[in-house]
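A quick write-up on the structure given underneath.
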Amino acid sequence: MVTTLLVVVVILAIAFDYINGFHDAANSIATVVSTKVLTPFQAVLWAALFNFAAYFYFTDHKVANTVAKTVIENYITLEVILAGLVAAIIWNLLTWWYGIPSSSSHTLIGGFAGAGMTHALLTGASPLDAVNMGYVVKIVSFIVLAPVIGMVISVIITLVIINVCRYAKPATAEKWFKRLQLLSSAALSFFHGGNDAQKVMGIIATALIAAKVIPNFEAMPGWVPVACYSAISLGTMSGGWKIVKTMGSKITKVTALEGVAAETAGAVTLGITEHFAIPVSTTHTITGSIVGVGVVKSISAVRWGVTINLIWAWILTIPVSATLAAIIYAAIYYFK
């Protein structure tokens, strides 16, 4: 049955997806803007186009299914989902305001899990009974693995390019790599859309199941993917300029060649993790890839102080989001 609370939850989920888009726009456009291949306005339009194009390719929704199963169904209510979404939106807006490229994916999962665990605790069960530990361990492990994989692939691609093009004229090479960066940024935006839009799809499908509108995940109506891909694309068009500055220049200075390597590495990593239904952070992935191209130049080319601050934000995202969601859910539980 469609209730007011369900409508509120769906609207908040789509709002989070929009915020995810402008929060994570930097992932797709930072290098292409910093190398002046595209203007900021052109870059967000380009990224948004390929964010939405992913809708036509990623039809299995494996990542969405993983997110939906993070919390055990017995401990999912509309109030749990509401608390998780509100917490995720708060953390996303705070990190956006301070220009911190944190993970929208992990704040959503952290909020969802934190609210579910609190629901279990307040109803006399163990908090750990509320979460599917197999999924949680896999998701948490990729906080470390995604940037490392991105970095390794980025180093390999950069070294290959340098060796293949070592006799090329610098001016000619620069011109070609600026053209290639259009393709690499498009690929990154494509896989970003495919990975991140699905996470909100999983949350909305879970809400529809909790409200008994649909019987299971496989019965998710067609408007859910359309709404999610549209929201993240519109959010990307809004841009997240504070985070663009951090990603595009504060970690390391990026040339067109390095932009191609970093974006290609990020796209490959996201493609691999999507294939295995792992909801990873696009932010973590592209940050690792950018660090990789910096390391090829020299260890000192990477601003490690900035990078370490980003890592702290990554570590804190899930526990902070879970704690916020716990507080919000407890307030709903006691005052409803």
### Selected residue [touching a residue at least 24 places away in the same chain (Cβ under 8 Å), on the phi < 0 side of the Ramachandran plot, among the aliphatic types (A, V, I, L, M) and surrounded by fewer than 24 Cβ atoms within 10 Å (Cβ to Cβ)] from A219, A227, A207, A197
A227
### Task
Would you mind finding the one in L93, L108 that is in contact (Cβ under 8 Å) with a residue 40 or more places away in the chain, in contact with a Lys or Arg (Cβ under 8 Å, 6 or more places away or on another chain) and not acidic (D, E)?
L108
### Task
Exactly one condition in (1) closer than 23 Å to A322 by Cα; (2) open to solvent by less than 20 Å² (accessible area, probe 1.4 Å); (3) not acidic (D, E) is not met by A54; state its number.
(1)
### Selection within the range 274-293 - surrounded by fewer than 23 Cβ atoms within 10 Å (Cβ to Cβ) and over 18 Å from A47 (Cβ atoms)
H275, F276, A277, I278
### Task
Look at K199 and say whether it is closer than 25 Å to S281 by Cβ and not β-branched (V, I, T).
yes
### Query
Do we have any residue at all in the range 183-191 that's surrounded by fewer than 15 Cβ atoms within 10 Å (Cβ to Cβ) and modelled with pLDDT of 85 or more?
yes
### Query
Taking the condition open to solvent by less than 10 Å² (accessible area, probe 1.4 Å) and either part of a helix (DSSP H, G or I) or of a type outside the set (D, E, K, R) (or both), does L128 pass?
no
### Query
Could you list, in sequence order, the residues of the range 116-125 that are out of contact with any helix residue (DSSP H, G or I) (no Cβ under 6 Å at 6 or more places or on another chain) and either among the β-branched types (V, I, T) or in a helix (DSSP H, G or I) (or both)?
T123
### Message
If I ask for residues that are at pLDDT 85 or above and either of a type in the set (K, R) or open to solvent by less than 40 Å² (accessible area, probe 1.4 Å) (or both), which ones from the range 16-37 would you list?
### Response
F16, D17, I19
#### Entry: the range 39-63 - residue that is part of a helix (DSSP H, G or I) and without any contact (Cβ under 8 Å) to a residue 12 or more places away in the chain and, of those, nearest to H192 (Cα to Cα)
F56
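Those residues that are over 18 Å from A15 (Cα atoms) and either among the aromatic types (F, W, Y) or part of a helix (DSSP H, G or I) (or both), I need them from the range 87-115; list them, please. So that I can check it myself, show each step before the final result.
Taking the range 87-115 first, the residues over 18 Å from A15 (Cα atoms) are 98-101, 113-115.
Passing the criteria: Y98, A113, G114, A115.
The values are calculated or read from the model by the stated rules, or taken from the named source; none is laboratory data. Bear in mind the structure is a predicted one, so any value in this text is a computation, not a measurement. Cβ: placed from backbone, ideal geometry, glycine included. Neighbour counts: every protein chain shown. Protein only, heavy atoms only, side chains kept; ligands, DNA and RNA dropped before computing areas. Shrake-Rupley method; radii C 1.70, N 1.55, O 1.52, S 1.80 Å.
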